[in-house]
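Only one structure is covered here, and it is reproduced in the block below.
What follows draws every value from the coordinates through simple rules; no lab data is involved. Because the structure is a prediction, the values reported are computed rather than measured. Here Cβ is always computed from backbone atoms with ideal geometry, including for glycine, and neighbour counts include all displayed protein chains.
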Amino acid sequence: MADNMPAATTVPATAAETSPDNPWPLQLLSQKLKAHIDRTPSAWVEGQVIELNRRGGSAFMTLRDVDAEISLPASIWSNVLDRQEVPLERGSRVVALLKAEFWLKTGRINMSVKDIRPVGLGDLLARIERLRHALSMEGLFADSRKKRLPLLPHRIGLITGRDSDAKKDVLRNAALRWPAVEFDVREVAVQGNTAVSQIIGALRELDADPHVDVIVIARGGGALEDLLPFSNEDLIRAVSGASTPVVSAIGHEADRPILDDVADLRASTPTDAAKRIVPDVAEELTRVRQARDQLRRGVTRLVERESDRMASLHSRPVLAAPEVMVSSRAEDVARLSSRSRAAISTAVLRAADQVVHLRNQVRSLSPQQTLDRGYAVVQVAGADQAADTRKAVVRHPSQAPGGSELFVRVAGGSFSARSTGGHQISDN
């Protein structure tokens, strides 16, 4: 014991402390690995049985991921297999409770299957419906997210199986409806564990191509397990995030993978997809002819209506004899001119009569008229007899005392006189 103590104290406590001069014993590493792996919890996983071999009381199987090229060997006791109501076979889809184990003597890690259960159709359907409901609550299926398909796509991206009937149906029916249609085909696996990754890769390539106007994902009918890739969440989110409109054409009318809900357009079959993505050239030509006929009839009716309207306008008197417009207005002008001249003449005559009347009134009030009737105006000279403005009109004898120089104005002129004195006329 005393000899072993120094060696024990020199062993590094952790793997990081080991070195070429002071390594761990292999036994210690194995023990630590076993202790660490034993602490890992068991986990339920889903996969597909691709290999199953019984050897006495135990069996060895290989599980493969349903959506990726990843496989895992595992061991299982025969009594666990015997508990299954339906014997497991290669290709069975299962969920298994796995526990990692480390075999100390050989240094091997083994995955031990503690329990295993087959995944039935009911389980798959329930799982799909739960995923469908969760994605719907996120709004991935909302109509507001749906993109409209172009009326006539220049190039169509087609994702389908290699040399599949779905590919032939889409190409043939689309070419029958519109011979000039162009396709960019991506052939991928449409079932199996590589289907999802290949479809997503093809979708992203076509979505990045600016010449592709619409993308069709097509597959023929099949069992529920065969159509599971088209209900994969990664594929659904990839389609939802695509900027190019996506058409889902999976299986038959009764098939309803989640891809149908997220796609911008669901076609019941690949043949129906060909009919939905391109118009029928015969129908379009018929519509063009009908449109031309409608335009021709419309233009003819318009010309006839306008011709009738022009004839009606020409038949009106103003257009039948346009000179009437001038002659009638000339008569109106002549009539109005005559009335104007008559009105002006009448106004002038009345004004002339009024002038004569006013002239007579003025003359009757004139001092000359009084003088003409034999009256005279007597003025007495003032201090300045040369200024007529200083001569005062004699209105009373007292204004012309005897000896006053008088000026007498009569109708024919004026003369001088001298006052000899005056006498005041009695009021009686």
How do K391, K105, K168 line up, fewest other C-beta atoms within 10 Å first? K105, K168, K391
T62-D38 pseudo-label distance in nm [points 7 Å out on the Cα-to-Cβ vector]: 3.1 nm
If you average the sequence gap of Cα pairs under 8 Å that are 6 or more apart and divide by the length of the chain, what percent do you get for the contact order? 9 percent
Quick one: of K147/K167; K167/K275; K168/K275; K146/K168; K146/K167, which pairs are farther than 19 Å apart, Cα to Cα? K147/K167; K146/K168; K146/K167
Using the alpha-carbon atoms, what tilt in degrees (0 to 90, nearest 10) does helix 323-364 show relative to the longest principal axis of the chain? 40 degrees
At a 10 Å Cβ-Cβ cut-off, how would you order I344, I156, I277, fewest neighbours first? I344, I156, I277
Where in the chain lies the longest segment free of GluC sites (Glu not before Pro) that are both loop residues by DSSP (not H, G, I, E, B) and have at most 11 other Cβ atoms within 10 Å? 254-428
Cut-off under 5 Å, modelled amide H: who pairs with G222 long-range: H252
Among DSSP beta bridges whose residues both lie in the chain, state the antiparallel percentage, nearest 5. 70 percent
When a footprinting reagent is the concern and you count Cβ atoms within 10 Å, what order do L63, L336 take, fewest first? L336, L63
Amide H partners (placed H, <5 Å) of V188, local residues excluded: T160, G161, R162
Cα-based reach from K391 at 17 Å (exclusive), listing aspartates and glutamates while leaving out same-chain residues under 8 positions away: E405
In this structure, the FRET efficiency calculated for L29 and V95 from their beta-carbon separation, with R0 = 22 Å, to the nearest 0.05, is 0.05
On a 0 to 90 degree scale, rounded to 10, what angle separates helix 281-314 from the longest Cα axis of the chain? 10 degrees
Taking Cα centroids, how far is the stretch 135-161 from the stretch 232-249 in Å? 7 Å
Dipole check, the chain, charges on Cβ (K,R +1; D,E -1), about Cα centroid: among A330, M310, A16 the Cα furthest to the positive pole belongs to A330
To the nearest 10 degrees, how steep is helix 165-177 against the longest Cα principal axis of the chain, on a 0 to 90 scale? 30 degrees
The lysines whose Cα lies under 29 Å from the Cα of K114, excluding any fewer than 8 residues away in the same chain, are K32, K34, K99, K105
For the stretch 160-225, shape from the Cα gyration tensor axes a ≥ b ≥ c, cut at a/c of 1.5 then a/b versus b/c, turns out oblate
Taking the C-alpha atoms of the stretch 4-120, convex hull volume expressed per residue in Å³: 147 Å³
How far apart, in nm, are two points set 7 Å out from the Cα along the Cα-to-Cβ line at N53 and at E85? 3.2 nm
